[in-house]
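The values are calculated or read from the model by the stated rules, or taken from the named source; none is laboratory data. Source: prediction; values computed, not measured. Every residue, glycine as well, gets a Cβ built from its backbone with ideal geometry; the counts of neighbours run over all protein chains shown. Calculation scope for accessible area: heavy atoms of the full protein, side chains included, ligands and nucleic acids excluded. Shrake-Rupley method; radii C 1.70, N 1.55, O 1.52, S 1.80 Å.
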Amino acid sequence: QVQLVESGGGWVQPGGSLRLSCVASGFTFTDFAMSWYRQVTGKEREFVATISSWNNLYYEDSVKSRYTISRENSKQTVYLQMNSLEPEDTAIYYCKAVRQHTEYWGQGTQVIVSS
């Protein structure tokens with residue numbers, strides 16, 4: 001059974017940091033690129049960052065200097081380190097695994113950036 005379980009979300013003040021984690025199971029983790037997306041209520045889900053099987057990294061422009069995606073294959077986990085958080089970063093953050101035409105999604109973790 002495939003599972004992607006996100007954690008690490010919560011409330012943080014502007015300028016603060018959070019680290020999200022996504023633990024994968026039920027598929028060959030190392031074969032998949034892992035990504036983070038986010039969604040604000042009433043808006044489309046948007047790409048945040050991705051890390052390939054070979055550790056190639058890609059970021060959405062607005063987070064490029066503030067977020068870092070990484071993966072730890074031995075733990076089947078992908079991380080998203082988020083620094084200098086802004087109110088505009090408030091969203092539900094989702095983890096996605098993708099390989100060719102196969103993709104899996106997690107249930108999401110809420111991030112709220114507010115004073």
Exercise. State the percentage of accessible surface on the chain attributable to carbon and sulfur atoms; use a 1.4 Å probe and exclude ligands, DNA and RNA.
Key: 45 percent
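Percent relative contact order of the chain, based on C-alpha pairs within less than 8 angstrom and at least six residues apart?
On the way: 278 pairs, mean separation 41.8, N = 115.
Contact order relative to length: 36 percent.
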Quiz item: Once the piece of chain linking Lys64 and Glu88 is laid out straight, how much longer is it, given 0.36 nm per residue of separation minus the C-alpha distance between them?
Solution: 7.2 nm
Practice problem: Would you work out the relative contact order for segment 31-90, in percent, from Cα pairs under 8 angstrom that are 6 or more residues apart? | Solution: 24 percent
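Compute the FRET efficiency between Gln13 and Thr102 as 1/(1 + (r/R0)^6), taking r as their Cβ-Cβ distance and R0 = 30 Å, and round to the nearest 0.05.
Details: r = 39 Å, r/R0 = 1.29.
Efficiency, rounded to the nearest 0.05: 0.20.
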Quiz item: Per the Cauchy relation, a quarter of the hull surface: what is the mean projected area of the convex hull of the alpha carbons in segment 31-99, in nm²?
Solution: 4.8 nm²
Practice problem: Compute the separation of the alpha-carbon centres of segment 1-47 and segment 91-115 and state it in Å as a whole number. | Solution: 4 Å
Practice problem: Would you please put 25-36, 41-52 in order of how densely packed they are, using the mean number of other Cβ atoms within 10 angstrom per residue and starting with the highest? | Solution: 25-36, 41-52
Exercise. Can you check what the Kirkwood hydrodynamic radius comes to for the chain, Cα pairs only, in Å to one decimal?
Key: 14.0 Å
